[in-house]
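Asker: What follows is a single structure, and I will ask about it in a moment.
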Amino acid sequence: MRNLFVLLWKNQFFLLFIILETVSIILVTRSYSYHGAMAHNTTNDISGGVFSMYSGVTDYINLKEDNILLAEENANLRNGLKTSFLLTDTQYVFRDSMFRYIPAKVVSNSISKSNNFIMVNKGSKHGIEKEMGVVSTLGVAGIVIGVSKNYSTIMSMLHKNMNISARIKKSGQLVSVTWDSNDYLYGTVTDIPSHIKLTAGDTIVTSGNSLIFQEGIIVGTIVSHNQDSNKKLSKAVLKYITDFGTLNHVYVIKNIMKVEQDSLLNQLVN
Amino acid sequence: MNNPIIKNIIRFVILILIQVLVFNNMNLGGYLHPYIYVMFILLLPVNINRSLLLILSFFAGLTVDYFAGTLGVNAAASVLLAYLRPGTIRLFFGNQEFTSGESVGLKSVGIFGFFKYSVVLVFTHQLLLFYLEVLSFNHFFFTFNKVLLSTGLSTFIIITTMLLFSKRDKK
């Protein structure tokens, strides 16, 4: 027994190395899947505070482009106002709102890793919860996976576990959008049935099936589609409409009906 | 500033902050991702207790992970680097005498010596780091390219920083 302890003590450097590596690998694999990443996220006000302090300095760099983007978006929104329509248009009816947009500012964003995250300066205090959709001023940006009091972390579209339900705009065909290209400009459209041929420029929008995004938010446009005659489902390359390289302002989408819809789904399951 | 413990703590804080705030947000075409906080581990004294070396490296890696949201990836790579460090020092500078508290630096081993030492260790660090980050060999050559380019850039930044901040000998 004593010899065993002597042996262990002699090899303490190697043993400690093995222990620390094991701990690290466990930490890595724990958060590998979509749900793992959701459950073991380390969002907190300390790292959020450090990031937002820093982004307070660097914000001014993109101010000009941001202003143009926001002004264009404002113009689009004004086009949808009641006053922009003819008063004789009796079809215009106000319904109960179902989605609420929470504006947020990006404090940290990566695009060159294999799994990228965005951190924004709004958290549980502002009504943000896990699994809410996030859009940029142009289109889909990601899904919230971690929330602290003042900050939240978003799984960017540039994440290996990202998989959102989408539709081809012109035909309505359901497809999925994933990211396995390593290039922050391009994503992959999967599950395209063999009878569908996509052409460059076709728009891919969200399907509205997942309760996270409402229907019809633009994900991106098709760049190329390689039809494989042997396979039933083919893949296509998609260019994201959101420019993740200069992302600065995003909106978190709160689905007001989500609790009701979830409980309905749970009733069906049980 | 002459107390080695305080000097290393200051170095740790500054390097981690620069890593997390500047280099982790730097997006150079999706290929380049320099990790320069390893300089902290490279510059720890040569005669440091080896177990302490492992533990310090583990915490340095974990701190970077904590900010980047990639728990475990940097920790694993840093621990590997720390584990290989004593052997690398013996291999390259085996017949050299280091005084107590002295680290492998430009002054003790020269610029070429330091280049050899850092390029080998930074390479192993980034090799484990990038493959752990992907957790698959699907894009093997893409990832390998990333490792090579990032190792080059990291080493370049580390040596430039060393040159900028080294005290010149007054002769």
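Asker: Here's a check for you: in region A:182-212, which residue that is among the charged types (D, E, K, R) and assigned to a loop (DSSP other than H, G, I, E, B) is surrounded by the most Cβ atoms within 10 Å (Cβ to Cβ)?
Answerer: A:ASP202
Asker: Now for a separate question. Can you name the residue in region A:111-140 that is among the hydrophobic types (A, V, I, L, M, F, W, C) and within 23 Å of B:VAL22 (Cβ to Cβ) and is also farthest from the other protein chains (Cβ to nearest Cβ) among such residues?
Answerer: A:VAL120
Asker: For B:VAL109, state whether it is more than 12 Å from chain A (Cβ to nearest Cβ) and within 26 Å of B:PHE142 (Cβ to Cβ).
Answerer: no
Asker: Could you say which residue among B:TYR31, B:TYR35 is facing another protein chain (nearest Cβ under 8 Å), touching a residue at least 60 places away in the same chain (Cβ under 8 Å) and closer than 27 Å to A:TYR184 by Cβ?
Answerer: B:TYR31
Asker: So, one more: Do the conditions hold for B:VAL79, that is, is it facing chain A (nearest Cβ under 9 Å), modelled with pLDDT of 90 or more and in contact with a Ser or Thr (Cβ under 7 Å, 6 or more places away or on another chain)?
Answerer: Against the criterion (facing chain A (nearest Cβ under 9 Å), modelled with pLDDT of 90 or more and in contact with a Ser or Thr (Cβ under 7 Å, 6 or more places away or on another chain)), B:VAL79 qualifies.
Asker: Here's another thing I want to ask about it. I'd like to check something: does region B:52-73 contain any residue that is buried (at least 20 other Cβ atoms within 10 Å of the Cβ) and closer than 17 Å to A:ASN11 by Cβ?
Answerer: Taking every residue of region B:52-73 in turn, at least one turns out to be buried (at least 20 other Cβ atoms within 10 Å of the Cβ) and closer than 17 Å to A:ASN11 by Cβ.
Yes or no, residue by residue, for (1) within 11 Å of chain B (Cβ to nearest Cβ); (2) under 20 Å from the mean Cα position of the chain (by Cα); (3) surrounded by 15 or more Cβ atoms within 10 Å (Cβ to Cβ):
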| site | (1), (2), (3) |
| --- | --- |
| A:MET1 | no, no, no |
| A:LEU7 | no, no, no |
| A:THR22 | yes, no, no |
| A:ALA39 | no, yes, no |
| A:ASN67 | no, no, no |
| A:LEU77 | no, no, no |
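Asker: Continuing with the same structure: Any idea which of (1) among the hydroxyl-bearing types (Ser, Thr, Tyr); (2) within 12 Å of chain B (Cβ to nearest Cβ); (3) surrounded by fewer than 12 Cβ atoms within 10 Å (Cβ to Cβ) is the one A:TYR60 doesn't satisfy?
Answerer: Among (1) among the hydroxyl-bearing types (Ser, Thr, Tyr); (2) within 12 Å of chain B (Cβ to nearest Cβ); (3) surrounded by fewer than 12 Cβ atoms within 10 Å (Cβ to Cβ), A:TYR60 violates only (2).
Asker: Are there any pairs, at least 6 apart or on different chains, whose C-beta atoms fall under 8 Å, with the first in region A:53-81 and in contact (Cβ under 8 Å) with a residue 12 or more places away in the chain and closer than 30 Å to B:LEU17 by Cβ and the second assigned to a helix (DSSP H, G or I) and not hydrophobic (A, V, I, L, M, F, W, C), and if so, which?
Answerer: These pairs meet every condition: A:ASN62/A:THR246; A:GLU65/A:THR246.
Asker: For region B:111-136, which positions are surrounded by fewer than 18 Cβ atoms within 10 Å (Cβ to Cβ) and farther than 17 Å from B:ALA77 by Cα?
Answerer: If the condition is that a residue be surrounded by fewer than 18 Cβ atoms within 10 Å (Cβ to Cβ) and farther than 17 Å from B:ALA77 by Cα, then B:ILE111, B:PHE112, B:GLY113, B:PHE115, B:LYS116 are the ones that fit.
Asker: Related question: Going through region A:169-222 one residue at a time, which ones are in contact with a Ser or Thr (Cβ under 9 Å, 6 or more places away or on another chain), closer than 22 Å to A:THR137 by Cα and of a type in the set (D, E, K, R)?
Answerer: Listed by number, the residues that qualify are A:LYS169, A:ASP202, A:GLU215.
The values are calculated or read from the model by the stated rules, or taken from the named source; none is laboratory data. If you're wondering where the values come from, they're calculated on a predicted model, not measured in any experiment. Note that each Cβ is placed from the backbone with ideal geometry, even for glycine, and that neighbours are counted across all protein chains shown.
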